[in-house]
Amino acid sequence: MIKNYFKVAWRNLLRNRTSSIINVGGLAIGMSVALLIGLWIWDELSFNKTFDNYDHIGKVMQHQTSNGKVNTFNAMPFPIGEELRTQYGGNFKYLIMCSWMGDHIISAGEKNLSGRGMYMQSEAPHMLSLRMMEGNRDGLKDPHSVLLAGSTSKALFGDTDPVNKTLRIDNKLDVKVTGVYKDLPSNSEFGDLGFIAPWDLYITSEKWILLDHDRWDNSSFQVLAQIADHTDFNTVNRNIADAKFKRDRPEDKQYKTKVFVHPMSDWHLRSQWENGVLSGGAIEYVKLFSIVGAFVLLLACINFMNLSTARSEKRAREVGVRKAVGSLRQDLVTQFYVESLLVVVFSFALSLLLAELFLPAFNQMADKAMVVPWKNYFFWICCMGFCFFTTILAGSYPALYLSSFQPVKVLKGSFRTGRYSSVPRKVLVVLQFTISIALIIGTIVVYNQIRYTRNRPIGYDRSGLMMIRMKSPDFYGKFGVLKTELENSGAVTQFAESSGPVTDVFSNGDGYSWEGKDPNLNGEFANEWVTHDFGKTVGWRMMAGRDFSPEYKTDSTAVIINEAAAKFMNVKNPIGKYIRWTGNNQTFTYTIIGVSKDMIMESPYDPVRPLIYFMDYNNVNWIDLKLNPNKSAQESISKIEAVFKKIIPAAPFDYEFADAEFAAKFASETRIGKLSAVFAILAIFISCLGLFGLASFVAEQRTKEIGVRKVLGASVFSLWKLLSKDFVALVLISMAIVTPVSYYFMHRWLQNYQYRTEISGWVFAWAGISAILITLITVSYQSIKAALLNPTKSLKAE
């Protein structure tokens, strides 16, 4: 019996080749999109799950209330680690003090590499469950040791055993390799961690840490934790909430600091905080693309439903005969489900091929390193469930509808589909285009938001602006010689140094006061230390006052503030006014000499923070260069590299361009926009496949009507209009439905950005016009073909 079901299903597929190709092709595209999105979602949901203790690992963070708003920070003061270990130790299995992951110079013999690394306490390899290739997890107990990632070890030592070999970090710290661990997956917080060095080595080599080791008001470190097996995060967070507040200075009690552990399971998916409450993160995109994947698959299933039921008259006699000879309705339902299953199986096989073919391009677009897990049994279980679900989704309506025909009416020739029989198909077409147009509108809004923010005035000139981080002591004390050599090379026009890159702010502090300050206002500012000519190098604009200048010896106690700082201070004319900073039982007074236009150094979607620029040659870590616009970038970079190799030969020449770093701030939204655009195009394509099949069927069904109209004098244009207007009407109905729905959801999405565009009416108009044009192009071929048919052929007797 089962064999017979498949035999009949196969014959029906061959008999209706056009609709079969459309069904298989459309469903294959929909399933391949669903597969790719499924792999992406799996990659996102499995972020950080490579760690054995994933469910118990977290990051110690703090909430602070300032000026009526709760701010959340992942930076912690140095003493917090020991405080939690001694006073709250029963809540934790591991507490790990560590530095921030950063770029470092790693040298072995003549090889100098740039790599990402961290300094961590010795229990870190156990907490992170590192898979050791050489050595063991206790390697960090030696304060002059280092653990290397497999890729770093290979780059430095090739295939030789690196254990017990010596290398140097940042041209100042000699360490011995005590172990090699397998590279951590790319979908991990530590995916690019090239080495781990001991925390004790870090704190003894950095003088500023030794000076601040007992300060509770300087949050500059990370603390990772693994909670005890017998407890949970909510319990631990209740227990440690006041750990820092109890130690804060009296003047810092106003911040009402609360310490908590943020679970690793939320680091990636739920990483955004608003007023002390988790407000979202990557989980929003997971939800979004889950819906998109389901919708694209639904579009393909709708094609199958529509084309199956559209040819109901041709299947009616078959149903009637089968029922007349004794077939039960459940037998017919099974038959139609088998036909659906056959289409799904062929489509799934093709979708696997398409997914494998387009996965590299999808990875590049999504910034992933995913592979199809061919050997994973769970993947195949999911695939079988996926096929079963698609079979039920696509086959239910045709099976139930076609099996309901009454044999008496069918065999007597009195069977008619009825004037309302096409309503369900029209509803499904409306649903198809509602989804497709919604994706078009969403894509346009995403790109408008990106463009709107890109066009936001950034307050400086990023063209030709190069940034070089000082990764080792070799860079320091060479300001004069570097400046002279670079200017003499003709490759640069301006040279300066700063404490951070132009595209980010690394420091902020409070304790500032000024004349007229509201006593209830917390004087908190972002801080940047720069050298002379910083303003000329970055091309900032002075709104009032003057720039730093070597002509004024008093500039060592002068500051420049940005517009946001001037507004925050609420001082009408800040030039010449004093601003004071009190900390470490000392008070420093600075004179405001200028107000610069706001520079967008952090997120381009957020308001610019109040910022103070100090002039200080001893607190800088970045070199800022302005390339000569009259020379090619390649020529200038070659000359700059030669200068650095000559003056700082032990450091690799690594640089960043401000425009590239600024563009990277849009990476997430740009990826979402590109993926949305691709999915929107595929959704339209799948919908058009269905329209093409339906248009073909309608034209075939109305062949004699068209012949009569032609004989009576109807023109090709009037016939084209006759056959096309119904489809255009369906698209217009889709527009009426999708416009308010899309506006509501896209308006909500834009609320995530403080600096955002508005949704204008032309977005909906453009999407609607595009959908109508695409519809007309799709159905016109069949309409015109039918209109041009010779009426003598269409009207001759059968």
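Within the range 576-597, track down each residue that is of a type in the set (S, T, N, Q) and crowded, with 20+ Cβ neighbours inside 10 Å. Full working, then the answer.
Start the filter on the range 576-597 by keeping residues that are of a type in the set (S, T, N, Q), which leaves 582, 584-587, 589, 591, 596.
Hit for the range 576-597 is Ser596, nothing else.
Checking each residue in the range 39-48 for being surrounded by fewer than 20 Cβ atoms within 10 Å (Cβ to Cβ) and either free of Cβ contacts under 8 Å to residues at least 60 places away in the same chain or not in a loop (DSSP other than H, G, I, E, B) (or both) picks out Ile41, Trp42, Asp43, Glu44, Leu45.
Could you tell me whether Trp529 is in contact with a helix residue (DSSP H, G or I) (Cβ under 8 Å, 6 or more places away or on another chain), crowded, with 16+ Cβ neighbours inside 10 Å and of a type in the set (Phe, Trp, Tyr)?
Details: in contact with a helix residue (DSSP H, G or I) (Cβ under 8 Å, 6 or more places away or on another chain): no; crowded, with 16+ Cβ neighbours inside 10 Å: yes; of a type in the set (Phe, Trp, Tyr): yes.
Judged against the criteria, Trp529 is not a match.
Which one of Gly150, Gly139 is out of contact with any helix residue (DSSP H, G or I) (no Cβ under 8 Å at 6 or more places or on another chain), open to solvent by less than 70 Å² (accessible area, probe 1.4 Å), more than 19 Å from Ala225 (Cα to Cα) and not β-branched (Val, Ile, Thr)? Let's see the steps before the verdict.
Working: Gly139 fails: out of contact with any helix residue (DSSP H, G or I) (no Cβ under 8 Å at 6 or more places or on another chain).
Selected residue: Gly150, the only one of Gly150, Gly139 that is out of contact with any helix residue (DSSP H, G or I) (no Cβ under 8 Å at 6 or more places or on another chain), open to solvent by less than 70 Å² (accessible area, probe 1.4 Å), more than 19 Å from Ala225 (Cα to Cα) and not β-branched (Val, Ile, Thr).
Entry remark, the range 723-737: residues being open to solvent by less than 60 Å² (accessible area, probe 1.4 Å) and either in contact (Cβ under 8 Å) with a residue 24 or more places away in the chain or within 17 Å of Trp766 (Cβ to Cβ) (or both) number 8 in total.
Within the range 461-505, the set of residues being surrounded by fewer than 16 Cβ atoms within 10 Å (Cβ to Cβ) and closer than 25 Å to Ile561 by Cα comprises Asp461, Ser463, Asp504. Scanning the range 446-457 for any residue that is open to solvent by 40 Å² or more (accessible area, probe 1.4 Å), touching a helix residue (DSSP H, G or I) at 6+ places or on another chain (Cβ under 6 Å) and at pLDDT below 90 turns up at least one such residue.
Quick grid of which residues meet (1) farther than 26 Å from His104 by Cβ; (2) among the aliphatic types (A, V, I, L, M); (3) open to solvent by less than 50 Å² (accessible area, probe 1.4 Å); (4) assigned to a loop (DSSP other than H, G, I, E, B):
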position: Met599; (1), (2), (3), (4): yes, yes, yes, yes
position: Ile623; (1), (2), (3), (4): no, yes, yes, no
position: Lys626; (1), (2), (3), (4): yes, no, yes, no
position: Glu641; (1), (2), (3), (4): no, no, no, no
position: Lys646; (1), (2), (3), (4): no, no, no, no
position: Asp659; (1), (2), (3), (4): no, no, no, no
position: Glu669; (1), (2), (3), (4): yes, no, yes, no
position: Val678; (1), (2), (3), (4): yes, yes, no, no
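Look at the range 738-762: where a residue is loosely packed, with under 15 Cβ neighbours inside 10 Å and a partner is among the aromatic types (Phe, Trp, Tyr) and not in a helix (DSSP H, G or I), sitting 6+ places away or on another chain with Cβ atoms under 8 Å, you get Gln754/Tyr605.
As for the range 183-206, it holds no residue that is surrounded by fewer than 15 Cβ atoms within 10 Å (Cβ to Cβ) and more than 28 Å from Arg137 (Cα to Cα).
Examine the range 597-614 for a residue that is of a type in the set (A, V, I, L, M) and touching a Pro at 6+ places or on another chain (Cβ under 9 Å), and state whether such a residue exists. Yes - at least one qualifying residue is present in the range 597-614. Please verify whether the range 278-285 includes one or more residues that are of a type in the set (D, E, K, R) and within 32 Å of the chain's Cα centre (by Cα). Yes, the range 278-285 contains a residue that is of a type in the set (D, E, K, R) and within 32 Å of the chain's Cα centre (by Cα). Residue pairs whose Cβ atoms lie under 9 Å apart, separated by 6 or more positions or on different chains, with the first residue in the range 88-114 and free of Cβ contacts under 8 Å to residues at least 24 places away in the same chain and the second part of a strand (DSSP E or B), are Gly89/Leu95; Gly102/Arg116; Gly102/Gly117; Gly102/Met118; Gly102/Arg469; Gly109/Leu167. Taking the residues in the range 708-736 that are more than 30 Å from Ile441 (Cβ to Cβ) and among the charged types (D, E, K, R) as candidates, determine which candidate is modelled with the highest pLDDT. This residue is Arg709.
Where in the range 61-116 are there strands (runs of 3 or more DSSP E), lying wholly inside it, with at least 1 residues that are of a type in the set (Lys, Arg) and buried (at least 16 other Cβ atoms within 10 Å of the Cβ)? I'd like the intermediate steps shown before the answer.
On the way: elements: 69-73, 92-98, 102-108.
The qualifying strands (runs of 3 or more DSSP E) are 92-98.
For Leu465, the requirement of being more than 26 Å from the chain's Cα centre (by Cα), of a type in the set (A, V, I, L, M, F, W, C) and under 22 Å from Ser596 (Cβ atoms) is met.
Tallying residues that are crowded, with 17+ Cβ neighbours inside 10 Å and either among the polar types (S, T, N, Q) or in a strand (DSSP E or B) (or both) within the range 119-131 yields 4.
Per this entry, Gln272 is counted among residues that are of a type outside the set (D, E, K, R), touching a Gly at 6+ places or on another chain (Cβ under 7 Å) and modelled with pLDDT under 90. Tell me whether the range 712-721 contains one or more residues that are part of a helix (DSSP H, G or I), within 16 Å of Leu431 (Cβ to Cβ), open to solvent by less than 50 Å² (accessible area, probe 1.4 Å) and of a type outside the set (A, V, I, L, M). No, that holds for no residue.
Would you check if there is a residue in the range 570-589 being among the basic types (Lys, Arg), outside any strand (DSSP E or B) and without any contact (Cβ under 8 Å) to a residue 12 or more places away in the chain? Checking the range 570-589: at least one residue is among the basic types (Lys, Arg), outside any strand (DSSP E or B) and without any contact (Cβ under 8 Å) to a residue 12 or more places away in the chain. The residues of the range 604-621 that are loosely packed, with under 14 Cβ neighbours inside 10 Å and of a type in the set (S, T, N, Q) amount to a single one, Asn618.
The values are calculated or read from the model by the stated rules, or taken from the named source; none is laboratory data. Being a predicted model, the structure only gives us computed values, none of them experimental. We place every Cβ from the backbone using ideal geometry, glycine too, and count neighbours over all the protein chains shown. Accessible surface areas use protein heavy atoms only, side chains included; no ligands, DNA or RNA. Shrake-Rupley method; radii C 1.70, N 1.55, O 1.52, S 1.80 Å.
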